[in-house]
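Colleague: Let me begin by handing over the structure; questions about it come next.
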Amino acid sequence: MTNARSVAFASLCVFVAAAIVVPAVRAQRNPSGDWHQRDARTVAQQKINPRVLSAIYQRRGDAKARSVPVSSKQAIQVDRHGRAFVDVRAQVRPELEKKFKALGGIVVSSSSTYDSIVGWVPLQTLERLAADPTVRAIEPAQ
């Protein structure tokens, strides 16, 4: 009887250890085939439209490393100063407009009704603007 209890207890310990160790090992493993760039983006980058993000990567010179293809039909408007014409979706507040301008942006229009600020913002500073907690999305302006 004690032998059966010992075997049952040992089996239970092995089962519990496997239930703890196997998921931990799977979480640490780097899946080579299932890894997507989207998973590697920061919270701020997730707020930025992929077309705009692609333009940022191209401006930095790491578009090939990020493997973000963009056709010429989908290109966003970028002026000769490296500013993109974007629509920032956020609650329009004076503080946000001040930050928009402080980052080198030019406000074309803002609408508190539509929670939108449209303007030209340097590509290099868009991620800092997207990091603002009130910003919900940054998309190409129409």
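Colleague: Would you be able to say whether some residue in the stretch 94-110 is surrounded by fewer than 18 Cβ atoms within 10 Å (Cβ to Cβ), modelled with pLDDT of 95 or more and in a loop (DSSP other than H, G, I, E, B)?
Modeller: yes
Colleague: Looking at 54, 6 in this structure, which one is closer than 21 Å to residue 137 by Cα and at pLDDT 80 or above?
Modeller: When all the criteria are applied, what remains is 54.
Colleague: Could you list, in sequence order, all residues of the stretch 22-49 that are at pLDDT 90 or above, surrounded by 14 or more Cβ atoms within 10 Å (Cβ to Cβ) and not in a loop (DSSP other than H, G, I, E, B)?
Modeller: Within the stretch 22-49, 44, 45, 48 qualify.
Colleague: Being of a type in the set (Val, Ile, Thr) and more than 15 Å from the chain's Cα centre (by Cα) is the filter; apply it to the stretch 111-133 and report the residue that is surrounded by the fewest Cβ atoms within 10 Å (Cβ to Cβ).
Modeller: Result: 113.
The values are calculated or read from the model by the stated rules, or taken from the named source; none is laboratory data. Everything numeric here is computed off the predicted structure, so don't read it as measured data. Every residue, glycine among them, receives a Cβ derived from its backbone with ideal geometry; neighbour counts consider all protein chains shown.
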